[in-house]
Amino acid sequence: MIPCLSHLDIPDENIFRIKGEDDPADEANRYEEAIKSVLPLVNGLPQFDIVLLGMGDDGHTASIFPKDLQLLSSNKLVEKAIHPDNGLSRVTITGKLINNAAHVFFLVTGKTKQPVVKSIFNKQGDYLKYPAAHIKPLSKQLTWFLDKEAAGNTDFSQYKTC
C-alpha cells in the first residue's frame, strides 16, 4: 500500500504505481505492460479515466521537458525521461497515452508559471516549445485549475471558465 492512499478504501490491486526506485528503462517496460493488462482500449490505446498533471516553470509536464518533445509522439506508452538540469532519470507516460485519457486535469500554481500559462492560452510566441501546450486529449476533456498567480493577466475570453 502507498502510505498517502492508506486511508482510502482502494484495493491494493487497483493501484499501479511507477516504481521510481527501480531501473528507469526496465520500469518503463514493466509499467507499460501493466497498463496494457488492465486499462480498456479506446482509439487503439489503453485509456486512463483521469490523468492529473502539473506544469513546471519551463512548461514541462509529466517529466516531458522542452528538449524532449519527441516523448509526446513516441509510439511507446511509457518511457525513460531525463531531467535536463540534474541528469536524473525518471519514468513518464508519453503524450499518446496522456492524450488518450478520458479526462486530463492540470493543477498549476504560482506566479512563476504565469508567463508560460499566458503563452499557451493566448498562443503567443513560441508556445509550442512547452510540452504542456501539446496536451490535447482526443476526448476534448481538458480542465486547467489555476490559482490567481498562475492565471495572472492571461486572456481567457475564448475559453469556458468558472
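The values are calculated or read from the model by the stated rules, or taken from the named source; none is laboratory data. Because the structure is a prediction, the values reported are computed rather than measured. Counting neighbours? That spans all protein chains shown, and the Cβs are built from the backbone with ideal geometry, glycine included.
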Open item on the list: Considering only the range 132-155, I want to know if a residue exists there that is among the basic types (Lys, Arg), touching a helix residue (DSSP H, G or I) at 6+ places or on another chain (Cβ under 7 Å) and either within 30 Å of ASP23 (Cα to Cα) or modelled with pLDDT of 95 or more (or both).
Closed with: no
Task: Considering residues of the range 32-77 that are in contact (Cβ under 8 Å) with a residue 60 or more places away in the chain and closer than 20 Å to ASP22 by Cα only, the residue farthest from the chain's Cα centre (by Cα) - done: ILE35
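When you scan the range 61-70, how many residues do you find that are surrounded by 14 or more Cβ atoms within 10 Å (Cβ to Cβ), out of contact with any Phe, Trp or Tyr (no Cβ under 8 Å at 6 or more places or on another chain) and either modelled with pLDDT under 95 or not aliphatic (A, V, I, L, M) (or both)? Spell out how you get there, then give the answer.
Restricting attention to the range 61-70, the residues satisfying the condition of being surrounded by 14 or more Cβ atoms within 10 Å (Cβ to Cβ) are 61-66, 68-69.
If we keep only those that are out of contact with any Phe, Trp or Tyr (no Cβ under 8 Å at 6 or more places or on another chain) too, we end up with 62-65, 68-69.
Checking which are either modelled with pLDDT under 95 or not aliphatic (A, V, I, L, M) (or both) leaves us with 63, 65, 68.
Qualifying residue count, the range 61-70: 3.
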TODO: Hey, could you check the range 112-130 for residues that are touching a Gly at 6+ places or on another chain (Cβ under 6 Å) and part of a helix (DSSP H, G or I) and say which is farthest from PRO66 (Cα to Cα)?
DONE: GLN114
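Please verify whether THR143 is assigned to a helix (DSSP H, G or I), closer than 29 Å to GLN158 by Cβ, of a type outside the set (Phe, Trp, Tyr) and out of contact with any His (no Cβ under 6 Å at 6 or more places or on another chain), treating the condition exactly as stated. It would help to see each step written out before you state the result.
Numbers: assigned to a helix (DSSP H, G or I): no; closer than 29 Å to GLN158 by Cβ: yes; of a type outside the set (Phe, Trp, Tyr): yes; out of contact with any His (no Cβ under 6 Å at 6 or more places or on another chain): yes.
So THR143 fails the test.
Criterion first (modelled with pLDDT of 95 or more, in a helix (DSSP H, G or I) and over 25 Å from LYS140 (Cβ atoms)) does GLU13 satisfy it? Working first, answer last.
Working: modelled with pLDDT of 95 or more: no; in a helix (DSSP H, G or I): yes; over 25 Å from LYS140 (Cβ atoms): yes.
So GLU13 does not fit the description; no.
Here are some residues: GLU79, GLU149. Which one is more than 20 Å from GLU27 (Cβ to Cβ) and among the charged types (D, E, K, R)?
Working: GLU79 fails: more than 20 Å from GLU27 (Cβ to Cβ).
Matching residue, one of GLU79, GLU149: GLU149.
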TODO: Have a look at ILE2, ILE50, ILE98 and point out the one that is surrounded by fewer than 19 Cβ atoms within 10 Å (Cβ to Cβ) and in contact with a strand residue (DSSP E or B) (Cβ under 7 Å, 6 or more places away or on another chain).
DONE: ILE50
